[in-house]
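S.K.: For reference, the structure I am asking about is given below.
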Amino acid sequence: MTRPDPELSPRRAARAEAERLATAALAQIPHPAPTRRRRREASSAASTVRSRIAAAVSLSGLSPTLRRRRLGVVALAAVVIAAGAVAIGAASSAAHHDAAASGSAGDDASAQVVSGPPAVPDAGLPVPQTAALAATATPCDDPAFTAALGGDDDAAVIAAAGGGSAFREAVASGIAPCVSLSNPNREWLVVNKQRPLDPLDHRPGDLVMPDGVRALEQSALRAGAAQALSAMVRAAADAGAGEIGFLSAFRSYSTQQSTYAGRVAVGGVAEADRESARAGYSEHQTGMAVDIVPCTRSCGTLDDVAASPQGAWVREHAWEFGFITRYAEGREEVSGYEPEAWHLRYIGPELARAYHDGGFTTLEEFFGLPAAPSY
């Protein structure tokens, strides 16, 4: 009976344990379908193992003990090499599979980029729905307004616009270009140092003397303004404010030339321009301006108006009859003239109400016009 080799027993145990671990590792590795590459690698590994085993066996000159040790080492190496080859093949297969999957995904993404946007459906792309904005309504688009504007009734035009405030707002905002502030036949005419009459020698055709009003000179007004002045004078007397007369109303182009020249002769051009208009630029030529004076037994001067009971009453109530104080205190930089408490301008009752209610002090601001301090 042969005794066991005491030196070889631990080595055998270690080899057996290594073989067991390698076998367990191989059992856990999935075996993909062999490819040509993996078959070549496996065949090469097997050939290497066989050649090494053959070399080990051929060492016939070794003692039996060394031969057994060499064979054990070779067997263990063969098992480890085989296991490594299988693991490498599995990892290579997995990496190849992942790369293929990644490449497939990349190809799909590239295909999407190259192919462009999705095809347009047969029904076409949806069209955004936008709400149409209604055009701003203007008096000039209203047939009733334009029809009234074509006539001679200023009150009807203002009524068609919706009243004095609406008319003023439309003109001042610029949405009523059909309304001219230069028409000398309209109550809304604006004349100043930057806005001459057209023509310069304009003369109204409906001039009449005011009924029941004391006149210090024969100077008429347009019919509407004359009637309004008569009504205002009666109302002031009925209210106990005293009698109101007038010094001057309409002045022709030639009369205004003489009036202005007289001012220049007294104080020079600069002084004359502060208190008198040049011919063709005067409100007195419109037939809608009047210079009032206070009267008792006799009538006072223009300078007496501001401090008189008549002047105080006019400041409070003239707008009710269609008049405004054209050149107000402190507005010379806009109107171009020194304050004239006596100079009233007729613009009609509706516009005068809007002027009063809006707190305006110049026609330039009322109609959104630039200031006119000089020629």
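S.K.: Applying the selection to region 296-336, what residues are closer than 13 Å to Thr362 by Cα, of a type in the set (Val, Ile, Thr) and assigned to a helix (DSSP H, G or I)?
M.R.: Result: Val334, single match.
S.K.: Look at region 265-315 and say how many of its residues are of a type in the set (S, T, N, Q), open to solvent by 20 Å² or more (accessible area, probe 1.4 Å) and under 50 Å from the mean Cα position of the chain (by Cα).
M.R.: The total comes to 0.
S.K.: Here's another thing I want to ask about it. Looking only at region 149-207, which residues are surrounded by fewer than 20 Cβ atoms within 10 Å (Cβ to Cβ), over 16 Å from Phe367 (Cβ atoms), touching a residue at least 60 places away in the same chain (Cβ under 8 Å) and aliphatic (A, V, I, L, M)?
M.R.: Ala155, Ala159, Leu200, Leu207
S.K.: In region 234-246, which residues are open to solvent by less than 10 Å² (accessible area, probe 1.4 Å) and either of a type in the set (Lys, Arg) or in a helix (DSSP H, G or I) (or both)?
M.R.: Residue satisfying the conditions is Ala236 alone.
S.K.: Given the conditions (1) in contact (Cβ under 8 Å) with a residue 40 or more places away in the chain; (2) of a type in the set (D, E, K, R); (3) part of a loop (DSSP other than H, G, I, E, B), report the number of the one that Asp291 does not fulfil.
M.R.: All conditions are met except number (3).
S.K.: Condition first: assigned to a loop (DSSP other than H, G, I, E, B) and buried (at least 16 other Cβ atoms within 10 Å of the Cβ). Now tell me which residues in region 340-372 satisfy that.
M.R.: Once the filter is applied, which keeps residues that are assigned to a loop (DSSP other than H, G, I, E, B) and buried (at least 16 other Cβ atoms within 10 Å of the Cβ), region 340-372 yields Ile347, Gly348, Phe360, Thr361, Thr362, Phe367, Leu369, Ala371, Ala372.
S.K.: Need pairs with beta-carbon distance below 8 Å; first residue touching a residue at least 40 places away in the same chain (Cβ under 8 Å) and within region 238-264, second hydroxyl-bearing (Ser, Thr, Tyr) and part of a loop (DSSP other than H, G, I, E, B); sequence gap 6+ or separate chains.
M.R.: Note: pairs meeting the criteria are Gly242/Thr296; Gly242/Ser308; Glu243/Thr296; Phe246/Ser219; Leu247/Ser219; Ser248/Ser219; Ala249/Ser219; Phe250/Ser219.
S.K.: Can you tell me which residues in region 243-281 are over 14 Å from Tyr337 (Cβ atoms) and among the aliphatic types (A, V, I, L, M)?
M.R.: Ile244, Leu247, Ala249, Ala261, Val264, Ala265, Val266, Val269, Ala279
S.K.: Restricted to region 217-233, and to residues that are part of a loop (DSSP other than H, G, I, E, B) and over 19 Å from Val305 (Cβ atoms), which residue is least open to solvent (accessible area, probe 1.4 Å)?
M.R.: Ala220
The values are calculated or read from the model by the stated rules, or taken from the named source; none is laboratory data. These numbers were taken from a predicted model, which means no experiment stands behind them. Cβ sites come from the backbone with ideal geometry, for glycine too, and all protein chains shown count toward neighbours. In case anyone asks, the SASA skips ligands and DNA or RNA and just uses the protein heavy atoms, side chains included. Shrake-Rupley method; radii C 1.70, N 1.55, O 1.52, S 1.80 Å.
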